[in-house]
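Please read the structure below before turning to the comments.
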Amino acid sequence: VQLQASGGGLVQAGGSLRLSCAASGRTERRYTMGWFRQAPGKEREFVAAISWSGDSTYYTDSVKGRFTISRDNAKNTVYLQMNSLKPEDTAVYYCGALPSYSGSYDSSLAYLYWGQGTLVTVSS
């Protein structure tokens, strides 16, 4: 499975961005999809995840109420709508694919495939 993340950019605090992650290859398998981010000098951290059906979503506390993860399986694409952005949201954002049978949606070690990352910069 190949993942291609896009949609990053420079935005002022309080602004919005929508990230996309398009999957190609062996997409017939069912994957939970997740977004992680990594700021300079910090470890990669979990942001949000969505089950294959889209019925279940998970968020880290710092983005609850501001970010929304969604997916369109017909397009093999996952989205991360980010509103009310803050300077501390600045990071490279990565999308990942996790086998649907795994419950470790917040652990980067459990993900099998990763996109290349897209940079989000939020200015104050």
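Please treat every number below as a calculation from the coordinates, not as lab data. As the structure is a computational prediction, the values presented were derived from the model and not from experiment. Note that each Cβ is placed from the backbone with ideal geometry, even for glycine, and that neighbours are counted across all protein chains shown.
Could you tell me which chymotrypsin sites (Phe, Trp or Tyr not before Pro) in region 61-124 are loop residues by DSSP with no more than 10 other beta carbons within 10 angstrom of their beta carbon? Write down the numbers at each step before the final one.
Numbers: sites: Phe67, Tyr79, Tyr93, Tyr94, Tyr101, Tyr105, Tyr111, Tyr113, Trp114; in loops: Tyr101, Tyr105, Tyr111.
Hits after loop and neighbour filter: Tyr101.
From the phi of every residue in region 40-51, what ³J(HN,Hα) in whole Hz does the Karplus formula 6.51 cos²θ - 1.76 cosθ + 1.60 yield, where θ is phi - 60° and glycine or proline is x?
Taking θ as phi minus 60°, the curve returns x, x, 10, 7, 5, 10, 5, 10, 7, 8, 9, 5 Hz for region 40-51.
Contour minus end-to-end for Thr60 and Thr77, with contour as 0.36 nm per residue of separation and end-to-end as the Cα-Cα distance?
4.0 nm
Compute the Rg/Rh shape ratio of region 29-76: radius of gyration over Kirkwood radius, all on alpha-carbon atoms.
Details: Rg = 12.0 Å, Rh = 11.7 Å.
Dividing the radius of gyration by the Kirkwood radius yields 1.02.
Give the relative contact order (percent, whole number) for region 17-90; include only Cα pairs under 8 Å separated by 6+ residues.
Details: 106 pairs, mean separation 25.1, N = 74.
Here the relative contact order equals 34 percent.
Can you work out the PRE-style zone for Ser70? Point 7 Å along Cα to Cβ, and I want the residues of region 84-108 with backbone N under 13 Å.
Within reach of a label on Ser70, which here means backbone N under 13 Å from a point 7 Å along Cα→Cβ, region 84-108 contributes nothing.
Please list, or write none, the aspartates and glutamates whose alpha carbon is within less than 16 Å of the alpha carbon of Lys64, excluding same-chain residues fewer than 8 places away.
Candidates past the 8-residue exclusion: Glu45, Glu88, Asp89, Asp106.
Below 8 Å between Cα atoms, with a sequence gap of 6+, how large is the relative contact order for the chain in percent? Could you put the intermediate results ahead of the total?
On the way: 306 pairs, mean separation 44.9, N = 124.
Relative contact order for the chain comes out at 36 percent.
Test of understanding: given the chain, find the longest segment containing no trypsin sites (Lys or Arg not before Pro) that are in a DSSP loop and have at most 14 other Cβ atoms within 10 Å. If you can, show how the numbers build up before the last one.
Numbers: sites that count: Arg26, Arg29, Arg30, Lys42, Lys64, Lys75.
The longest uninterrupted stretch comes out as 76-124.
Suppose the chain between Ser53 and Arg18 were pulled fully straight at 0.36 nm per residue; how much longer would it get relative to their current alpha carbon spacing?
Numbers: separation 35, 0.36 × 35 = 12.60 nm, distance 2.06 nm.
Length gained, Ser53 through Arg18: 10.5 nm.
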